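So the structure is just underneath, and the comments pick up after that.
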Amino acid sequence: MIIAKSNQMVMMDQKAIKAYTIPGVVLMEHAAMAVCEMVPKGSQSILVVCGVGNNGGDGFAIARNLIQRGEKVTVLGVGNPLQLKNDAKIMYDCFAHIETGLFWYEVCSEKKLDQLFQNCDVIVDAIFGTGCNRVVSDGYLDVIGRMNQRKAYVISVDIPSGVNSDNGKIMGVCVKANLTVTFTLPKLGNILYPGARASEALKVVDIGIPQKILEGFVFEYETIDQDTLKRLPSRRTDGHKFTYGRILIIAGSEDMSGAAYMSALAAYRTGTGLVEILTHESCRISLQCALPEAIVRTYQDSNKSLEKVFETLNLDNYDAILIGPGLGQSDVAKRLIELTLAQPSVPIVIDADALNLLSENMDILLASSAPIIMTPHVGEMSRLTQFPSEAILENTIEFAQAFSKSNQVITVLKSHRTVVCNPEGFTCINLCGNDGMATAGSGDVLAGVIASLVGQGLEPYKSSVFGVAIHSLAGDLASDNIGRHGLMAKDIIEAIPKIMMENDQLND
Ligand SMILES: NC(=O)C1=CN([C@@H]2O[C@H](COP(=O)(O)OP(=O)(O)OC[C@H]3O[C@@H](n4cnc5c(N)ncnc54)[C@H](OP(=O)(O)O)[C@@H]3O)[C@@H](O)[C@H]2O)[C@@H](O)CC1
Ligand SMILES: [K+]
């Protein structure tokens, strides 16, 4: 699903109004009618709270349409009514001709305010939409506080008032909604935390912006959701094992052979034809027993042993390389990264320990000419950038975009809302997955899935986007089966083939 920035929304509305001569009030009326559809019929009493911008204009039109439908409606205006202008003023005037209760906050007694909020079972929040540009204060603060105390069903128009539509930040306080009805496309603030948490549900409705206008825009942001995999190319039916990719997974160390196993198995389950593992000698037997389908090559604890292995290993023969899961922090691991990044053309997925080692010497990354995907979690990103984790967590998109641009890599920044971006600034935000997936080995699985897709010939950015989708949808399926508490990385891997099969069936 495409996501819009607020300036793009304004441009689209303006283009519809100016170039396509669709009057603004027509768009507003469509918006209002779409919201009315979501208001439960036969409510006891509906309170529509309107600001003095265009979001408030929507509110006045909603109130009028609900009255037309026979509902009992009261309107509370907040702000200076003299600021109402253009379409919002027209909608206010249309509403003001109807004999019904309209109260302005500034001239409302405390008793009347209490009464308005006590008597309603539905509240429509039309205070601020995409125009909320500063910290909420004064009367707005009081009204939003009252809305949040009330146990009514709250519907926010376009975005919960108080959420910044461009970054999801809360401007001091925001409305807590049961449902948000947003127009044309979701805005970043509808999708990003903490703003996304302000509404339990989100519905996107069409208000009549011509499709041609949307086609004329370049949207940098998209969600990763249930529909993402519909675009995954279908598997060739006439292939042999090398058609589906030969990948090298450089992973595992004395204490962590499991990480190599998780990545390799996940890659096979995602469809790779042949997985080879390069690991420490101590992991050989356990890996061969656990995953006999994989070819296992090993090195010992010395750079000399490693260089000997590399003499016989031609990295150009692989379609993709994954380096990092459970690799450890030894000098041999450091050398492994240098040797791997020195090859010029095979795409490399860099994960876990390899990220930590790289953070000590970013010059290796900058010198590499190979296509690179990096999959840090917030802590690893903190080590890579030297910024505190808290700052990164608050601005995942900005950090991922800046990292991709300055290092010319694809970044998969893992958090409760994983972000994938490329050096050109195109960004996908993951809406799937669950907290049960925050478990050991889950990252190894994701890295294996992405490496598998790259190895099957998909372009690195797409592989990362589809990889995050497969991983999180598999996590959701696993949690449907066994719940979130005891979910383990193995359960995610087990669900991957089912997700791929269901997707094939949908696309057939
Ligand atoms: N025909 C159209 O164009 C369509 C528009 N549509 C609708 O328009 C919405 C966008 O409208 P918008 O741009 O007028 O902004 P909106 O969110 O109403 O707020 C602006 C007002 O709030 C004020 N204000 C802001 N922050 C504040 C604060 N913290 N504390 C106090 N005041 C604050 C700000 O004041 P100012 O900065 O001017 O002093 C201004 O008065 C969009 O979300 C959608 O619902 C749809 O119907 C489709 C057709
Ligand atoms: K709103």
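Go through the range 1-47 and give me each residue that's among the β-branched types (Val, Ile, Thr), away from ligand 2 (no atom under 16 Å from the Cβ) and either closer than 30 Å to residue 100 by Cβ or assigned to a loop (DSSP other than H, G, I, E, B) (or both).
Listed by number, the residues that qualify are 17, 21, 22, 25, 26.
Does the range 217-239 contain any residue that is among the aliphatic types (A, V, I, L, M), away from ligand 2 (no atom under 16 Å from the Cβ) and in contact with a Gly (Cβ under 6 Å, 6 or more places away or on another chain)?
Within the range 217-239 (the criterion being among the aliphatic types (A, V, I, L, M), away from ligand 2 (no atom under 16 Å from the Cβ) and in contact with a Gly (Cβ under 6 Å, 6 or more places away or on another chain)), the answer is no, since none of the residues qualifies.
Restricting attention to the range 308-326, report how many residues are without any contact (Cβ under 8 Å) to a residue 60 or more places away in the chain and either outside the structural domain of residue 380 (by TED's automatic domain parsing) or exposed (fewer than 13 other Cβ atoms within 10 Å of the Cβ) (or both).
Here the count works out to 4.
Restricting to the range 393-418, and then to whatever is within 15 Å of the chain's Cα centre (by Cα) and aliphatic (A, V, I, L, M), can you tell me which residue is nearest to residue 454 (Cα to Cα)?
Of everything passing the filter in the range 393-418, 412 is nearest to residue 454 (Cα to Cα).
I'd like to check something: does the range 86-102 contain any residue that is touching a residue at least 24 places away in the same chain (Cβ under 8 Å), surrounded by fewer than 19 Cβ atoms within 10 Å (Cβ to Cβ), under 36 Å from the mean Cα position of the chain (by Cα) and part of a helix (DSSP H, G or I)?
yes
In the range 114-131, which residues are surrounded by 24 or more Cβ atoms within 10 Å (Cβ to Cβ) and more than 16 Å from ligand 2 (Cβ to nearest atom)?
The answer is 120, and nothing else.
Looking at the range 197-216, which of its residues are within 19 Å of residue 12 (Cβ to Cβ) and surrounded by 14 or more Cβ atoms within 10 Å (Cβ to Cβ)?
If the condition is that a residue be within 19 Å of residue 12 (Cβ to Cβ) and surrounded by 14 or more Cβ atoms within 10 Å (Cβ to Cβ), then 202, 203, 204, 205, 207, 208, 209, 210, 213, 214 are the ones that fit.
Based on what the data block shows, is residue 133 within 24 Å of residue 391 (Cα to Cα) and out of contact with any Ser or Thr (no Cβ under 6 Å at 6 or more places or on another chain)?
So residue 133 fits the description; yes.
Residues 239, 252, 245: which one is in the same structural domain as residue 296 (by TED's automatic domain parsing), surrounded by fewer than 19 Cβ atoms within 10 Å (Cβ to Cβ) and more than 26 Å from the chain's Cα centre (by Cα)?
Of the residues listed, the single one that is in the same structural domain as residue 296 (by TED's automatic domain parsing), surrounded by fewer than 19 Cβ atoms within 10 Å (Cβ to Cβ) and more than 26 Å from the chain's Cα centre (by Cα) is 239.
Scan the range 168-185 residue by residue and report those that are away from ligand 2 (no atom under 11 Å from the Cβ), farther than 26 Å from residue 208 by Cβ and part of a loop (DSSP other than H, G, I, E, B).
168, 169, 171, 172, 173, 176
Need the failing condition index for residue 31 against (1) touching a strand residue (DSSP E or B) at 6+ places or on another chain (Cβ under 9 Å); (2) away from ligand 1 (no atom under 13 Å from the Cβ); (3) at pLDDT 95 or above, just the number.
Condition not satisfied by residue 31: (2).
Can you confirm whether the range 333-355 contains a residue that is of a type in the set (D, E, K, R), farther than 28 Å from residue 244 by Cα and within 30 Å of the chain's Cα centre (by Cα)?
No: the range 333-355 contains no residue that is of a type in the set (D, E, K, R), farther than 28 Å from residue 244 by Cα and within 30 Å of the chain's Cα centre (by Cα).
Among residues belonging to the range 369-384 that are in contact with a helix residue (DSSP H, G or I) (Cβ under 6 Å, 6 or more places away or on another chain) and part of a loop (DSSP other than H, G, I, E, B), point out the one that is surrounded by the fewest Cβ atoms within 10 Å (Cβ to Cβ).
Here the answer is 371.
Considering 342, 391, which residue is surrounded by fewer than 17 Cβ atoms within 10 Å (Cβ to Cβ) and modelled with pLDDT under 95?
Exactly one of 342, 391 is surrounded by fewer than 17 Cβ atoms within 10 Å (Cβ to Cβ) and modelled with pLDDT under 95, namely 342.
Quick one: is residue 237 of a type in the set (Ser, Thr, Tyr) and touching a residue at least 12 places away in the same chain (Cβ under 8 Å)?
No.
Can you tell me which residues in the range 474-492 are closer than 16 Å to residue 270 by Cα and out of contact with any Ser or Thr (no Cβ under 9 Å at 6 or more places or on another chain)?
Matches in the range 474-492: 474, 477, 478, 490.
Determine, yes or no, whether residue 361 is surrounded by fewer than 17 Cβ atoms within 10 Å (Cβ to Cβ) and closer than 22 Å to residue 303 by Cβ.
Yes, satisfied.
Quick one: count up the residues across the range 157-178 that are polar (S, T, N, Q) and within 10 Å of ligand 1 (Cβ to nearest atom).
3
Would a scan of the range 195-206 turn up a residue that is within 15 Å of ligand 2 (Cβ to nearest atom), of a type in the set (A, V, I, L, M) and farther than 25 Å from residue 52 by Cα?
So far as the range 195-206 goes, yes, one or more of its residues are within 15 Å of ligand 2 (Cβ to nearest atom), of a type in the set (A, V, I, L, M) and farther than 25 Å from residue 52 by Cα.
Can you tell which of 165, 156 is in a strand (DSSP E or B), small (Gly, Ala, Ser) and within 11 Å of ligand 2 (Cβ to nearest atom)?
Selected residue: 156, the only one of 165, 156 that is in a strand (DSSP E or B), small (Gly, Ala, Ser) and within 11 Å of ligand 2 (Cβ to nearest atom).
The values are calculated or read from the model by the stated rules, or taken from the named source; none is laboratory data. Keep in mind the model is a prediction, meaning the values are calculated, not measured. Methodologically, a virtual Cβ is constructed for each residue, glycine included, from the backbone with ideal geometry; neighbour enumeration extends over all protein chains shown.
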